[in-house]
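Notes follow the structure.
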Amino acid sequence: MKVVVLTGAGISAESGIKTFRDDNGLWEGHRIEEVATPEAFERNPDLVYQFYNMRRAQLKDPQLRPNDGHLALSRMEEALGDDFTLITQNVDNLHERAGNQRVWHMHGELQKIRCLQSGECFFWDQDLDAKTPHPNGLSSKLRPDIVWFGEIPHHLDESDQVLREADYFLCAGTSGVVYPAAGFVQLTPSTCHKVEFNLSETAISPLFDETVTGPTGQTLPLWIDDFLKRL
Ligand code: APR
């Protein structure tokens, strides 16, 4: 039984991490074009560094914890092993902290930085700015390993492959407006059972067999534990 799960900002909302498309389209007070595009980084690198430094620092907040939705997905991976794939649009580390090991961060990770010259990535849980020494002693610039608008997401080839072989596709806490993730449901075979979990219906709800409405901290544990009982 092959299960592919796609998560978005909604699954981390109950842990206290803000989603993107609330508050009049502003993300923590910024328009997306100010902080989440390559052009923004060219124009005002300090603002972009500072914006992601704040997001990265939030991961160290002692109050921040994976919620019951994350934990349910961890139980699912434990039961299914290699038949389970978790693709997330989230750049936080709450899936890993819940115990998931097979996690593909298609939009990058807050706790990674990337060398602009070599493309090499490094684990990084501190602040980053233009003066941060390069971990390999090089003089090239470093950037957050975040996939910005206009850039190509990570893991697209592997994602395409697992989606085409999926028996179940679960899509949790995403508004379904950012592609290619919003189109993943259409890559699954016609035999695949497709379930969406969200507070309410989304633009892509008609493409699913069912939409389970409610907070994922409640809906995912119920659905997943029932699924695992029937395995
Ligand atoms: N339970 C379930 N769903 C929730 C919850 C919750 N507790 N809280 C919010 N949601 C839903 C909202 O209804 C919304 O549909 O989560 C969705 C969050 O949508 P977005 O903020 O658009 O986040 P996401 O879909 O992950 O955004 C995709 O856009 O800005 C870029 O790269 C960024 O990865 C991000 C991508």
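Residue-wise test of (1) within 13 Å of the ligand (Cβ to nearest atom); (2) within 25 Å of residue 132 (Cα to Cα).
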{"position": "33", "(1), (2)": "yes, yes"}
{"position": "37", "(1), (2)": "yes, yes"}
{"position": "50", "(1), (2)": "no, yes"}
{"position": "65", "(1), (2)": "no, no"}
{"position": "71", "(1), (2)": "no, no"}
{"position": "84", "(1), (2)": "no, no"}
{"position": "103", "(1), (2)": "no, no"}
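Condition test on residue 122, is it aromatic (Phe, Trp, Tyr) and outside any loop (DSSP other than H, G, I, E, B)?
Considered against the rule, which asks whether it is aromatic (Phe, Trp, Tyr) and outside any loop (DSSP other than H, G, I, E, B), residue 122 comes out as yes.
Among the numbered criteria (1) away from the ligand (no atom under 13 Å from the Cβ); (2) of a type in the set (S, T, N, Q); (3) not in a helix (DSSP H, G or I), which one does residue 15 miss?
All conditions are met except number (1).
I'd like to know if segment 178-198 contains one or more residues that are loosely packed, with under 14 Cβ neighbours inside 10 Å, charged (D, E, K, R) and over 22 Å from residue 109 (Cβ atoms).
Among the residues of segment 178-198, not one is loosely packed, with under 14 Cβ neighbours inside 10 Å, charged (D, E, K, R) and over 22 Å from residue 109 (Cβ atoms), which makes the answer no.
Just to be sure, is residue 159 closer than 23 Å to residue 198 by Cα, among the hydroxyl-bearing types (Ser, Thr, Tyr) and in contact with a Pro (Cβ under 9 Å, 6 or more places away or on another chain)?
Taking the combined requirement at face value, the residue satisfies it.
Only residues in segment 210-229 that are among the small types (Gly, Ala, Ser) count as the first member; pair them with residues that are part of a strand (DSSP E or B), Cβ under 8 angstrom, at least 6 apart or cross-chain, and list the lot.
214/197
Any idea how many residues of segment 146-205 are assigned to a helix (DSSP H, G or I) and either within 12 Å of the ligand (Cβ to nearest atom) or not charged (D, E, K, R) (or both)?
Of the residues in segment 146-205, 13 are assigned to a helix (DSSP H, G or I) and either within 12 Å of the ligand (Cβ to nearest atom) or not charged (D, E, K, R) (or both).
Might you check whether a residue that is without any contact (Cβ under 8 Å) to a residue 40 or more places away in the chain and under 27 Å from residue 184 (Cα atoms) occurs anywhere in segment 4-18? Reasoning before the result, please.
Step one: list which residues in segment 4-18 are without any contact (Cβ under 8 Å) to a residue 40 or more places away in the chain, which gives 18.
From what's left, under 27 Å from residue 184 (Cα atoms): 18.
Yes, segment 4-18 contains at least one residue that is without any contact (Cβ under 8 Å) to a residue 40 or more places away in the chain and under 27 Å from residue 184 (Cα atoms).
Just to check your reading of the model, which residue among 92, 46, 61, 82 is surrounded by fewer than 17 Cβ atoms within 10 Å (Cβ to Cβ) and within 25 Å of residue 149 (Cβ to Cβ)? Full working, then the answer.
Working: 92 fails: surrounded by fewer than 17 Cβ atoms within 10 Å (Cβ to Cβ); 61 fails: within 25 Å of residue 149 (Cβ to Cβ); 82 fails: within 25 Å of residue 149 (Cβ to Cβ).
Among 92, 46, 61, 82, only 46 is surrounded by fewer than 17 Cβ atoms within 10 Å (Cβ to Cβ) and within 25 Å of residue 149 (Cβ to Cβ).
Computed from the coordinates by the stated procedures, all read-outs in this text should not be read as laboratory data. None of the values given here were measured: they were computed from a predicted structure. Glycine also receives a Cβ, built like all others from the backbone with ideal geometry; neighbour counts cover every protein chain displayed.
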